[in-house]
1. Determine, from the Cβ-Cβ distance of Phe74 and Arg51 and an R0 of 35 Å, the FRET efficiency 1/(1 + (r/R0)^6), rounded to the nearest 0.05.
2. Once every DSSP H run of n ≥ 4 in the chain is given -39500 (n - 2.57) and the sum is divided by its residues, what mean residue ellipticity at 222 nm do you get, rounded to the nearest 500 deg cm²/dmol?
3. Below 13 angstrom from the Cβ of Tyr57, what's the summed charge of the other residues (Lys, Arg +1; Asp, Glu -1)?
4. Let me check the size of the chain from its C-alpha atoms; what are the radius of gyration and Dmax in Å?
5. If you stretched the chain out fully between Arg29 and Ile64, how much longer would it get, using 0.36 nm times the residue separation minus the C-alpha to C-alpha distance?
6. Can you find, among Leu47, Gly14, Ile76, the residue sitting farthest towards the positive end of the charge dipole of the chain, where Lys and Arg contribute +1 and Asp and Glu -1 at Cβ?
Amino acid sequence: MEWTAIGKVLIGIGVAIVVIGVLLVAAERIPGLGSAVSWLGKLPGDLSYKRDNVSFYFPIATSIVLSIVLSLVFFILGWFFRR
């Protein structure tokens, strides 16, 4: 694989992260949209531990749900573009 191909992939991943970040910031400012995604990170199965000066949070259930949703989206997009 050429270095330019790897560079293009990294740029694409960076652009995708920026777009997702902008959408999450905008979700709080648009009335009604913030409450639609408020469940994200608060599912049963997400581990949360808080003590005096220590807090630990690991969103296991949210990670699984997002993985399934993104897998379906990419599968459908791949199927659509192969036709």
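1. Using R0 = 35 Å, I get an efficiency of 0.35.
2. Theoretical 222 nm ellipticity from helices: -22000 deg cm²/dmol.
3. Combined, the nearby Lys, Arg, Asp and Glu give +2.
4. 17.3, 57
5. 9.9 nm
6. Checked the options; the winner is Ile76.
All of the numbers you see were taken from the coordinates with simple rules; none came from a lab. As the structure is a prediction and not an experimental result, all values here were calculated from the model. Every residue, glycine among them, receives a Cβ derived from its backbone with ideal geometry; neighbour counts consider all protein chains shown.
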